[in-house]
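The values are calculated or read from the model by the stated rules, or taken from the named source; none is laboratory data. Because the structure is a prediction, the values reported are computed rather than measured. Every residue, glycine as well, gets a Cβ built from its backbone with ideal geometry; the counts of neighbours run over all protein chains shown. SASA here: full protein model, heavy atoms, side chains in, ligands and nucleic acids out. Shrake-Rupley method; radii C 1.70, N 1.55, O 1.52, S 1.80 Å.
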Amino acid sequence: MNQPQTDTPLFNRLRFVLVETSRPGNIGAAARAIKNMGFSELVLVNPRFPDAAMQEEAVAFASGAQDILTSARIVGSIEEALTDCNYAAAVTARLREFSPPIISPRVLATRLVEETSLRAAVVFGNERFGLPNEIVEKCNVLITIPANPDYSSLNLAQAVQVLAYEARMATVGDARAATDIGFQGEAASMTQIDGMYAHLEQALVAIDFLDANNPKKLMPRLKRLFARTQLETEEVNILRGIAKQILAKQKNTG
């Protein structure tokens, strides 16, 4: 039986990011899951061991996916991991007060297939502690896997497998709904969006809307608001232009 080809664009624009992974075996098993489903890009953020991808345990658990381990990038921050991405999904079982919109793995996969301008990353946390809030807030959506509510704990590699499987099925499956949404600009990168947040925060402080010494939860709320919009590059530039004008006005009247 002929297997579906894995040269569909999504296979080349979906990145799997593991944050502060403790066990090399989990990295190896995740690499195997990624390769099983036809993907290849793996990024490790501050793993416990500097050579985690080359540890004997990682190679053993990869079980033939050593090429994924060899090409895996190790970086020091989530910002580096999301370089060149304009869409990020945080995978976590723990809901957050100021999380971005929550969707299922299947909805995410469908969106990534239909919106071909998205260069996406799926972000997984540490085996014990999961993802910190500051990383979740950087993401466009939060993914929860609808497991048994009485026992919803998945191994890291299992979670990677679920997301990779859904992405593959959305790509090669027969039932895909295409939607006409009119003009759509280029999605803003995570770096551009982070810069916009910093610029906007400066402007809000300048007009005394935000107290820098007691910011409360204003910025997390704004990040959640913008996460629902899927910002485009031009929209980010408009918002930064507004922030720039506010700062200029405050300087001239100060």
Starting from the exponent 0.38 and prefactor 2.2 Å, build the expected Rg for the range 190-243 from its residue count and divide its actual Cα Rg by it. 1.10
Charges only on Cβ, +1 for Lys and Arg, -1 for Asp and Glu: so what's the dipole of the range 84-136 about the Cα centre, in debye to the nearest 20? 160
Relative contact order of the range 1-111 (C-alpha contacts under 8 Å, at least 6 apart) in percent is 25
So for the range 42-180, taking the charge dipole from beta-carbon charges (+1 Lys/Arg, -1 Asp/Glu), which of Leu112, Ile78, Phe61 sits furthest toward the positive end? Leu112
Charge dipole of the chain about the Cα centre (unit charges at C-beta), most positive-ward option of Ile27, Leu95, Phe16: Leu95
The range 104-213: relative contact order as a whole-number percent, Cα under 8 Å and 6+ apart: 37
Alpha-carbon centroids, the range 188-204 and the range 11-56: separation in whole Å: 29
Magnitude of the Cβ-charge dipole of the range 1-93, K/R +1 and D/E -1, about the Cα centre, nearest 20 debye? 220
Aspartates and glutamates whose Cα lies under 13 Å from that of Lys217, excluding same-chain neighbours fewer than 8 positions away: Glu97, Glu134, Glu137, Glu201
Suppose every Lys and Arg Cβ carries +1 and every Asp and Glu Cβ carries -1, with no other charges. What dipole size does the range 1-156 come out with about its Cα centre, to the nearest 20 debye? 240
So, in nm, how far is label Ala93 from label Asn36 when the simple model puts each one 7 Å beyond its Cα toward the Cβ? 1.8
Reach of Lys244 by Cα under 21 Å, taken over lysines that are not fewer than 8 positions away in the same chain: Lys223
Whole-percent carbon and sulfur contribution to the accessible surface of the range 124-230 (1.4 Å, no ligands, DNA or RNA) stands at 51
Quick one: compute the contact order of the chain, relative version, from alpha carbon pairs under 8 angstrom and 6+ residues apart, as a percent. 22
Do the sum for the chain: with -39,500 (n - 2.57) for every DSSP H run of n ≥ 4, divided by all residues, what is the mean residue ellipticity at 222 nm, to the nearest 500 deg cm²/dmol? -13000 deg cm²/dmol
Which residue, chosen from Ala243, Phe124, Ser152, occupies the Cα position most advanced towards the positive end of the dipole of the chain, where the dipole is computed from +1 (Lys, Arg) and -1 (Asp, Glu) charges on Cβ about the Cα centre? Ala243
Hey, can you find the accessible area per residue of the chain for me, probe 1.4 Å, expressed in square angstrom? 54
Under a crude label model (7 Å from the Cα following the beta-carbon direction), how far is Asn237 from Glu114 in nanometres? 2.8
Need one number: the % of Cα-Cα pairs in the chain sitting beyond the 29 Å mark. 34
